[in-house]
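Below is one structure; the comments refer to it alone.
Nothing in this text is a laboratory measurement; each read-out follows from the coordinates by a stated rule. It should be emphasised that the depicted structure is a prediction, and the values quoted were computed from it without experimental measurement. Every residue, glycine among them, receives a Cβ derived from its backbone with ideal geometry; neighbour counts consider all protein chains shown.
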Amino acid sequence: MKKLLNLSLFALILTSCAAQTTKNETSVGVNDASDGQQICQRIDKKQFRDGIAKGNVQVLDVRTPEETSEGMNEEAITINFYDANFREQVSELDRSIPVYVYCRSGGRSQKAMEVLKDLGFSVVYELSDGYMNY
């Protein structure tokens with residue numbers, strides 16, 4: 001009986017996670033959080049490129065000046081994650097327009113996504129593997 005209960009609980013958890021994943025996957029690239037929910041999600045390079053191609057987005061490069069000198073997305077706004085006033089600088093972006101954020105390999109952009117989330121940005125997508133794999 002205890003095994004059956006544990007198995008049922010495990011199945012319920014898997015089903016919940018699968019439903020959540022499907023909802024997140026369908027929202028990627030939609031560029032809309034019209035239902036009032038905040039969307040903050042790591043996405044792969046294809047989803048990132050497709051989302052930017054749809055337009056009406058803000059592309060945020062959080063790498064250092066040295067890193068951006070090696071190349072960058074021409075549409076990107078550059079704000080160095082290590083700047084002491086990073087939070088203040090990104091707070092000036094439009095919270096109603098989706099933000100696509102990237103760094104060199106994915107670590108800083110994930111942290112930047114959390115800052116944007118805390119600041120109340122509606123839609124934030126983060127390039128999971130960074131610009132190195134873009």
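Highlighted here are the strands (runs of 3 or more DSSP E) found entirely within the range 34-127 that include at least 3 residues which are among the aliphatic types (A, V, I, L, M) and within 10 Å of the chain's Cα centre (by Cα): 123-127.
In this structure, does Ser69 turn out to be in contact (Cβ under 8 Å) with a residue 12 or more places away in the chain and polar (S, T, N, Q)? So Ser69 fails the test.
What residue, among those in the range 47-101 that are polar (S, T, N, Q) and touching a strand residue (DSSP E or B) at 6+ places or on another chain (Cβ under 6 Å), is farthest from Met132 (Cα to Cα)? Here the residue is Gln58. The residues of the range 73-111 that are out of contact with any Cys (no Cβ under 7 Å at 6 or more places or on another chain) and among the aromatic types (Phe, Trp, Tyr), listed by number, are Tyr82, Phe86, Tyr100, Tyr102. In the range 50-106, of all residues being of a type in the set (Val, Ile, Thr) and touching a Leu at 6+ places or on another chain (Cβ under 9 Å), the one that is surrounded by the most Cβ atoms within 10 Å (Cβ to Cβ) corresponds to Val101. Close Cβ contacts (under 8 Å, 6 or more residues apart or on different chains) running from residues in the range 46-59 that are closer than 19 Å to Ser96 by Cα to residues that are loosely packed, with under 15 Cβ neighbours inside 10 Å and among the hydroxyl-bearing types (Ser, Thr, Tyr) comprise Phe48/Tyr134.
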